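Worksheet for the structure shown next.
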Amino acid sequence: MGYQHLEIERAGHVATIWLNRPEKLNAMSEDIWVDLPRAVAELDGDESVRVIILAGRGRSFTVGIDIEMLASLRPEESPGAHPEEALYDRIKQLQHTVNCLADSSKPVIAAVHGHCLGGGLGLITAADIRYGSADSVFSIRETRLAVVADIGTLQRLPSLIGAGHTAELAFTGADIDAARAVEIGLLNRVYPDAETTYGAATLLAETIAANSPLVVRGIKNVLRARDGESITDALEFVARWNSQHLLSNDLMEALSAFLAKRTPEFNGT
């Protein structure tokens, strides 16, 4: 199965899904959002694969959603159109891309280096374990683009780092470094560089893969059952909220400011 900006690498019972758009710092283009669930499904269906690693080629894990794709989410207005419902459907599709990691029958380890922003942070919150390099940077970047993060970040982070830390990151959109990320529990461990981080993730994956696949699958199902229903309800709420509020003047201002390399001036509409 071919992918444009993803690469699957198998080694024994471990498979790595590489985000492979290094020239764009692995910005998540339309095809990545579509192909990631396909790649996870491919590995879920491969009995020889027992653990999945998610990593990024090049200088960064990912800077999040591609800015051109974000701009394209604004549907063209036409008589009889229902832009809110169209946007709702798109948000649910993006949520599915992130959910596929949490819903995989196999453990998912995120090996992060460089940028892990916006949608990238959403991805790793859906992983089971997160390792990071000392140069990694994390942010709920959607806030700074006048968007309420809607792919699962706000639903999963509180159980990982607590409500207070989540609120601080979400309200500010501020960057945090690897030291802070491990301190608050976002990362399990920090390593000196990308190569060492990926090596540690691989060793961990091999250790997990040496256990009974049936038991490992059972553990993941039990852990997931703790809060799956509440996440589902919360994702439904944020999808409805953003389908009504995302198409704002502030979003357009954020995009314009980004392209013009200037500071945005938001007016709250």
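The values are calculated or read from the model by the stated rules, or taken from the named source; none is laboratory data. Keep in mind that what you see is a predicted model, and the values were worked out from it rather than measured. Please note: Cβ atoms are built from the backbone with ideal geometry, for glycine as well, and neighbour counts cover all protein chains shown. Areas reflect the complete protein model, heavy atoms only, side chains present, ligands, DNA and RNA absent. Shrake-Rupley method; radii C 1.70, N 1.55, O 1.52, S 1.80 Å.
Is it the case that some residue within the stretch 198-209 is under 20 Å from the mean Cα position of the chain (by Cα), hydrophobic (A, V, I, L, M, F, W, C) and open to solvent by 60 Å² or more (accessible area, probe 1.4 Å)? No, because not a single residue in the stretch 198-209 is under 20 Å from the mean Cα position of the chain (by Cα), hydrophobic (A, V, I, L, M, F, W, C) and open to solvent by 60 Å² or more (accessible area, probe 1.4 Å). Of the helices (runs of 4 or more DSSP H) lying entirely inside the stretch 66-165, those containing at least 2 residues that are open to solvent by 20 Å² or more (accessible area, probe 1.4 Å) and at pLDDT 95 or above span 83-103, 153-161. Can you tell me which residue within the stretch 35-65, out of those that are under 16 Å from CYS100 (Cβ atoms), more than 15 Å from the chain's Cα centre (by Cα) and among the charged types (D, E, K, R), is most open to solvent (accessible area, probe 1.4 Å)? Here the residue is ARG38. Against the list (1) in contact with a His (Cβ under 8 Å, 6 or more places away or on another chain); (2) closer than 21 Å to ALA234 by Cα, the condition THR97 fails is (1). Only residues in the stretch 232-245 that are within 10 Å of ASP150 (Cβ to Cβ) count as the first member; pair them with residues that are acidic (Asp, Glu) and not in a helix (DSSP H, G or I), Cβ under 7 angstrom, at least 6 apart or cross-chain, and list the lot. Close Cβ pairs satisfying both conditions: VAL238/ASP150; ALA239/ASP150; ASN242/ASP150.
Picking from residues in the stretch 80-126 that are hydroxyl-bearing (Ser, Thr, Tyr) and closer than 24 Å to LEU203 by Cα, the one that is farthest from the chain's Cα centre (by Cα) is SER105.
Residues in the stretch 210-233 that are modelled with pLDDT of 85 or more and either small (Gly, Ala, Ser) or surrounded by 14 or more Cβ atoms within 10 Å (Cβ to Cβ) (or both): ALA210, SER212, PRO213, VAL216, ARG217, GLY218, ILE219, LYS220. Scan the stretch 168-179 and tell me whether some residue there is in contact with a Leu (Cβ under 7 Å, 6 or more places away or on another chain) and assigned to a helix (DSSP H, G or I). For the stretch 168-179, residues in contact with a Leu (Cβ under 7 Å, 6 or more places away or on another chain) and assigned to a helix (DSSP H, G or I): present.
If you go through the stretch 171-191 and keep only what is under 15 Å from ARG141 (Cα atoms) and of a type in the set (Phe, Trp, Tyr), you end up with just PHE171.
Look at the stretch 142-161: where a residue is within 21 Å of ARG180 (Cβ to Cβ) and a partner is of a type in the set (S, T, N, Q) and open to solvent by 40 Å² or more (accessible area, probe 1.4 Å), sitting 6+ places away or on another chain with Cβ atoms under 8 Å, you get THR143/THR172; ALA149/THR143.
Within the stretch 22-34, residues that are open to solvent by 10 Å² or more (accessible area, probe 1.4 Å) sit with their Cβ atoms under 6 Å from residues that are basic (Lys, Arg), at 6+ positions apart or across chains, in these pairs: PRO22/ARG57.
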